[in-house]
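Student: Structure below; questions to follow.
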Amino acid sequence: MAQQNSFDVTSGVDMQEVDNAVNQAQKEIAQRYDFKDSKASIDFKRAESVINLVADDDFKMTALLDVLQTRLIRRGISVKNLDLGENTTAGGDTVTRVVKLKTALDADAAKKVAAAIKEAKLKKVQAAIQGDTVRVTSPSRDDLQGAMAMLKQKDFGVELKFGNYR
């Protein structure tokens with residue numbers, strides 16, 4: 001029987017890099033003139049993979065989110081892995097927003113990845129969903145690299161990471 005080559009498709013974020021980006025954003029907010037004497041804050045809950053944003057109004061919330069996204073991008077974290085909640089009015093004339101981090105490939109995105117590989121009709125390339133990863137197998141490494149290139153071109157709503165290539 002021919003040797004099967006494979007790779008795994010996953011998604012996720014490096015929590016330490018998110019923590020570093022949040023700390024940098026907090027320092028920038030403390031120094032910026034437009035946030036002086038405001039209630040603006042960023043709170044990162046690592047265990048729940050949630051970032052809570054608090055600002056005085058919608059304008060400052062937009063600026064706060066922009067600062068956070070800029071810092072995340074500079075630390076190498078894709079904005080695709082953020083699930084931005086809606087602005088909600090809180091007590092004390094403040095606006096809050098909950099930003100959830102997508103730490104794994106959810107079932108819906110995994111199905112889309114597997115379906116995209118089947119639709120491409122690559123020769124002898126098969127995709128199998130295994131929990132929060134998709135294992136792609138083929139006897140030919142060239143076909144696997146073609147599958148990777150095809151997946152990189154499509155948008156699945158999360159940043160795809162390819163690993164365990166053998």
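Read-outs: derived from the displayed coordinates by stated rules, not from any lab. Since the model is a prediction, treat every value here as computed from it, not as a measurement. Cβ sites come from the backbone with ideal geometry, for glycine too, and all protein chains shown count toward neighbours.
Student: Which longest run of the chain has no exposed loop site in it, a site being GluC sites (Glu not before Pro) in a DSSP loop with at most 12 other beta carbons within 10 Å, and the site itself not part of the run?
Tutor: The longest uninterrupted stretch comes out as 87-166.
Student: Helix-only mean residue ellipticity at 222 nm, the chain, DSSP H runs n ≥ 4 weighted -39,500 (n - 2.57), per residue, nearest 500. What is it? Before the final figure, lay out each step's value.
Tutor: Numbers: 4 runs with 61 residues, N = 166.
The helix contribution divided over the chain gives -12000 deg cm²/dmol.
Student: So, one more: How do L82, L53 line up, fewest other C-beta atoms within 10 Å first?
Tutor: Working: L82 20, L53 23.
Least crowded to most crowded, the residues run L82, L53.
Student: Averaging over all projection directions, find the projected area of the Cα convex hull of the chain and quote it in nm² with one decimal place.
Tutor: Answer in nm², one decimal: 11.1.
Student: In addition: Reachable lysines from K36, Cα under 20 Å, same-chain residues fewer than 8 places away excluded?
Tutor: Result set, ordered by chain and number: K27, K60.
Student: Report the dimensions of the stretch 15-101 along its three principal axes from the alpha-carbon atoms, largest first, rounded to Å.
Tutor: 32, 25, 20
Student: Give the relative contact order (percent, whole number) for the stretch 50-146; include only Cα pairs under 8 Å separated by 6+ residues. Walk me through the intermediate numbers first.
Tutor: Details: 120 pairs, mean separation 21.4, N = 97.
It comes to 22 percent, rounded to a whole number.
Student: Provide the net charge surrounding F162, with neighbours chosen by a C-beta distance below 9 Å and charges set as Lys +1, Arg +1, Asp -1, Glu -1.
Tutor: After counting each charged neighbour, the total is +1.
Student: Hey, another quick one. I'd like to know which of V67, F156, T137 lies farthest towards the positive end of the charge dipole of the chain, counting +1 on Cβ of Lys and Arg and -1 on Cβ of Asp and Glu.
Tutor: After comparing all options, I get T137.
Student: With an 8 Å cut-off on Cα pairs and a minimum separation of 6 or more residues, tell me the relative contact order of the stretch 1-70 in percent.
Tutor: Averaging sequence separation for qualifying contacts and normalising by length gives 24 percent for the stretch 1-70.
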